[in-house]
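The values are calculated or read from the model by the stated rules, or taken from the named source; none is laboratory data. Here the structure is a predicted model, which means the values were calculated and not measured. Here the Cβ is made from the backbone with ideal geometry for all residues, glycine too, and neighbour counts use every protein chain on show.
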Amino acid sequence: MDGRRYDNDDLSPAPGPDYRRHRVPLRGTGPLNYRRSDDRIFEEVCEVLLHSPDVDASHITVRVSEGEVFLEGSVINRFNKRLAEYLIEDLPGVIDVRNDLQIEKDYNYYQEDA
């Protein structure tokens, strides 16, 4: 042949500079036996909640078991409850989110702890 590698299926050249025109998007598709560890999921969930400017996570407890994330504790309103779940539901490795956050209407989140 001409020195280039060819796939067995259609005798087309192996990926070259313009392979992106013909590829199928596979981002997020990992090896068959890969599963993200609960520790890594826990760290990322906590980082996302920490860096969110709209959720006060100081009263939220996070637990992860076999890819399922459990949110417990309290938030200031229903918007924050839903937002906390929304921010983490599509993180890599998260299979499901159990949102057991309670809405604490009488607590002042902005007061200094004595």
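Of all the criteria given as (1) modelled with pLDDT of 95 or more; (2) over 14 Å from the mean Cα position of the chain (by Cα), the one not satisfied by Glu104 is (1). Listed by first and then second residue, the pairs with beta-carbon distance under 9 Å, at least 6 apart or on different chains, first residue in segment 60-82 and outside any loop (DSSP other than H, G, I, E, B) and among the aromatic types (Phe, Trp, Tyr), second surrounded by 15 or more Cβ atoms within 10 Å (Cβ to Cβ) and at pLDDT 95 or above, are Phe70/Val62; Phe70/Val64; Phe70/Val97; Phe70/Asn99. For His59, the criteria (1) in contact with a Ser or Thr (Cβ under 6 Å, 6 or more places away or on another chain); (2) closer than 13 Å to Phe42 by Cα hold in every case but one, which is (2).
May I ask you to verify whether Ile76 is at pLDDT 95 or above, within 17 Å of Glu104 (Cβ to Cβ) and surrounded by 15 or more Cβ atoms within 10 Å (Cβ to Cβ)? Considered against the rule, which asks whether it is at pLDDT 95 or above, within 17 Å of Glu104 (Cβ to Cβ) and surrounded by 15 or more Cβ atoms within 10 Å (Cβ to Cβ), Ile76 comes out as no. Scan segment 83-94 residue by residue and report those that are in a loop (DSSP other than H, G, I, E, B) and in contact with a helix residue (DSSP H, G or I) (Cβ under 9 Å, 6 or more places away or on another chain). Within segment 83-94, Leu91, Pro92, Gly93, Val94 meet the criteria. Scanning segment 27-73 for residues that are surrounded by 15 or more Cβ atoms within 10 Å (Cβ to Cβ) and hydroxyl-bearing (Ser, Thr, Tyr) gives a single hit, Ser52.
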